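The values are calculated or read from the model by the stated rules, or taken from the named source; none is laboratory data. Just so it is clear, the model here is predicted, and its values are computed rather than measured. Glycine gets a Cβ as well: all are built from the backbone with ideal geometry, and neighbour counts include every protein chain shown.
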Amino acid sequence: MRDYPGTRQTFIEMDTIPENGKGIPVDHNKIVAEKVSAFFGKVQAIRDIQINIPENSIVAIIGPSGCGKSTFLRSINRMHELIHGTRVTGKILLDGEDVYSLDPVLIRKKIGMVFQKPNPFPTMSIFDNVAAGLRMGGTHDRKNIAEVVERSLQQAALWSEVKDSLSKSGVGLSGGQQQRLCIARALAVNPEVLLMDEPASALDPIATAKIEELLFELKKRYTIVIVTHNMQQAARVSDYTAFFYMGELIEYDITKKIFTAPSIKQTEDYVTGRFG
Amino acid sequence: MKEPKRLKRMDNYRFHFRKLTSLFMFTLCGVSVLIALVPLILIFYRTVAFGFSAINWDFFTQMPKPVGESGGGLANAIVGTMILVGLGSCMSLPVGIMAGIYLAEYGNNWFGQSVRFLTDVLNGVPSIVTGVVAYTVVVLPMKHFSAYAGGVALGILMIPTITRTTEEILKTVPHSLREAALALGIPRWKTSLQIVLRTAMSGVVTGILLAVARAAGETAPLLFTALNNRFWNTSMNQPMASLTVFIYNYAVSPFDDWIAQAWAGTFVLMTLILLLSLTVRFATRNKFAGNLL
């Protein structure tokens, strides 16, 4: 196994803070899920998920298709409830406050999301795409918006590629650029958490590598939860990995441990490719 | 050796049969298109041929002359049609577009289903019936015919078309765009108006233009609402002239110059709608979304 440059920092930190027995710090958790279940009508998609997500870390959620990874992700920023006939039970705490007791609009500002397929607004320019969240959130100060757009595009490592074509259409960019545009768009509203639902699965290896590099940078400022089908990706980018199977959280530990010495047989079978 | 050869011949036969079927169906489609186009081209040809020759400057600037006098124009009717359609649009655009947004974005319940059904019923109501409705609710209480009544009749006629086309177009906007907007913490109503509606704008505009074109071409709802007026009038409270009612009156008249003016009126009406379509399309186009919907 190679060394993980992005995770070293966290390992050093971990010596000084209390752990939950699995090497995951229990101090300054950004998100804590307590007995979270989500339903589509009568079908239960996830069951009693119990997980804590430390601040400024990258948590990867892996598991076979249909295991509820995306549903759990979408429960965190209350996107799940937008589908007709769905509901969520249990508690999801953001900095100790239950997101289901707050206004969803406020929650989604604090918890940004990047989707599997790049989805820039087709009627808007690159600049307007990034500014959309700000403008529709009530910011109209042009200078402020321009600053935030530049900063967000820089954070998303897209600024140098688009700084001369900000007024061009967002859908004219390549798939990888579009996805970074969507990341910039999410960052522009200054979230604290970034949820990524297989952000690189529609991209080629070079674009994927760029997104992964970006994640290491973003981790310094944001807490990132990433759902991925690609186990190499989970191993490369994340600090902690959660393995979901059939709607349940099977194992959650330091990424290195999950991929080298998982304590549960199902996890081992999955990460070694024996099923899934 | 024999077996593969027989198979090959069989495959060849099937291949030719498929090609022939394809050619047959293609021809069938082509012929259907031609049949559908025949009346359209005939109407267009007759209107241009008869209408264009009857058009002169007076037609746009003069009032209708009394019976027996030749010349004159339909200036009042041209303006009248614009005013009536304008009134109808003022009434139907906000209602129709907002109802369409409601149905597409929030109408997934029994109320939405009922509205959808009633809108379809309203769409199928003969236009003269909307004239009767406007007569009952506007003309009778006011005790006289007026442009308002005509506008109401046209407005009622336009609402279902605009509602349903707006809804159908908004439904074609990918769900991922709504999610993208909502995930940014944009409230739902803003998402509907500024993301979904904006993305589907060109399609919505097409629906509106269809409704406007239909309203501009209606005669029946105006007959006993706006009535007609042989004099210059821009007061909404008075009976108002319209091209369609003039066309109707002149076309069934025994005078050759009136019939010629009816053709000219038809041509002008057609050209006005064409110009309106082009202008609105040009004004509302989005430089990025040209190939979107």
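Annotations
Results for (1) under 19 Å from B:Arg116 (Cβ atoms); (2) among the basic types (Lys, Arg), shown as yes or no for each residue.
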residue: B:Ile162; (1), (2): yes, no
residue: B:Arg198; (1), (2): no, yes
residue: B:Met201; (1), (2): no, no
residue: B:Thr225; (1), (2): no, no
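- Count of residues meeting criterion [at the interface with chain A (Cβ under 7 Å from one of its Cβ atoms) and surrounded by fewer than 24 Cβ atoms within 10 Å (Cβ to Cβ)] in the range B:148-184: 4
- Sole residue being in contact (Cβ under 8 Å) with a residue 40 or more places away in the chain, within 18 Å of the chain's Cα centre (by Cα) and over 19 Å from B:Met91 (Cα atoms), chosen from B:Leu197, B:Leu272: B:Leu272
- Residues that are hydrophobic (A, V, I, L, M, F, W, C) and not in a strand (DSSP E or B) were ranked within the range A:249-276; the one that is farthest from A:Thr71 (Cα to Cα) is A:Ala261.
- B:Met91 being crowded, with 23+ Cβ neighbours inside 10 Å and either in a loop (DSSP other than H, G, I, E, B) or touching a Leu at 6+ places or on another chain (Cβ under 9 Å) (or both): no
- Test: residue in the range B:254-261 that is small (Gly, Ala, Ser), buried (at least 22 other Cβ atoms within 10 Å of the Cβ) and more than 14 Å from chain A (Cβ to nearest Cβ): no
- Selection from the range A:122-138 of residues that are over 24 Å from A:Leu94 (Cα atoms) and either at the interface with another protein chain (Cβ under 7 Å from one of its Cβ atoms) or touching a Phe, Trp or Tyr at 6+ places or on another chain (Cβ under 9 Å) (or both): A:Pro122, A:Thr123, A:Met124, A:Ser125, A:Asp128, A:Asn129, A:Ala132
- Unique match (being exposed (fewer than 15 other Cβ atoms within 10 Å of the Cβ) and within 29 Å of A:Asn52 (Cα to Cα)) among A:Leu82, A:Leu102: A:Leu102
- Of note, A:Val36 satisfies the criterion of being away from chain B (no Cβ under 14 Å) and touching a Phe, Trp or Tyr at 6+ places or on another chain (Cβ under 8 Å).
- Test for B:Thr279: is it of a type in the set (Ser, Thr, Tyr), outside any loop (DSSP other than H, G, I, E, B) and buried (at least 21 other Cβ atoms within 10 Å of the Cβ): no
- Per-region count, the range A:137-160, residues β-branched (Val, Ile, Thr) and touching a residue at least 40 places away in the same chain (Cβ under 8 Å): 1
- Screening the candidates A:Phe115, A:Phe72 for the property of being surrounded by 21 or more Cβ atoms within 10 Å (Cβ to Cβ) and touching a Phe, Trp or Tyr at 6+ places or on another chain (Cβ under 9 Å) yields one hit, A:Phe72.
- Considering residues of the range A:159-186 that are farther than 11 Å from A:Asn129 by Cβ and in contact with a helix residue (DSSP H, G or I) (Cβ under 6 Å, 6 or more places away or on another chain) only, the residue surrounded by the fewest Cβ atoms within 10 Å (Cβ to Cβ): A:Trp159
- Residue tally, condition more than 11 Å from chain B (Cβ to nearest Cβ) and in contact with a strand residue (DSSP E or B) (Cβ under 6 Å, 6 or more places away or on another chain), over the range A:139-191: 1
Condition check ((1) touching a residue at least 12 places away in the same chain (Cβ under 8 Å); (2) under 23 Å from A:Phe39 (Cβ atoms); (3) assigned to a loop (DSSP other than H, G, I, E, B)) across all residues:
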| position | (1), (2), (3) |
| --- | --- |
| A:Thr89 | yes, yes, no |
| A:Ile92 | yes, yes, no |
| A:Arg108 | yes, yes, no |
| A:Lys117 | yes, no, yes |
| A:Ala131 | yes, no, no |
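- So B:Ser202, is it within 14 Å of chain A (Cβ to nearest Cβ) and in contact with a helix residue (DSSP H, G or I) (Cβ under 8 Å, 6 or more places away or on another chain): yes
- Taking the conditions (1) over 16 Å from B:Thr166 (Cα atoms); (2) modelled with pLDDT under 90; (3) surrounded by fewer than 18 Cβ atoms within 10 Å (Cβ to Cβ) in turn, B:Leu272 satisfies each one other than (2).
- Check on A:Asp95, under 18 Å from the mean Cα position of the chain (by Cα) and either surrounded by 15 or more Cβ atoms within 10 Å (Cβ to Cβ) or not aliphatic (A, V, I, L, M) (or both): yes
- Just one of the listed residues (B:Leu209, B:Leu222, B:Leu197) is in a helix (DSSP H, G or I) and within 14 Å of another protein chain (Cβ to nearest Cβ), and it is B:Leu197.
- Some residue of the range A:47-64 being within 14 Å of another protein chain (Cβ to nearest Cβ) and either more than 26 Å from A:Ser174 (Cβ to Cβ) or not basic (Lys, Arg) (or both): no
- Within the option set A:Leu203, A:Leu195, A:Leu181, being out of contact with any Ser or Thr (no Cβ under 8 Å at 6 or more places or on another chain), closer than 30 Å to A:Glu147 by Cβ and modelled with pLDDT under 90 holds for one residue only, A:Leu203.
- Test: residue in the range B:65-80 that is surrounded by fewer than 10 Cβ atoms within 10 Å (Cβ to Cβ) and of a type in the set (Asp, Glu): yes
- Exactly one residue among B:Val48, B:Val79, B:Val85 is closer than 29 Å to B:Trp232 by Cβ, under 23 Å from the mean Cα position of the chain (by Cα) and at pLDDT 95 or above, and that residue is B:Val85.
- Selection over the range A:86-121 of residues that are small (Gly, Ala, Ser) and facing another protein chain (nearest Cβ under 10 Å) gives a count of 1.
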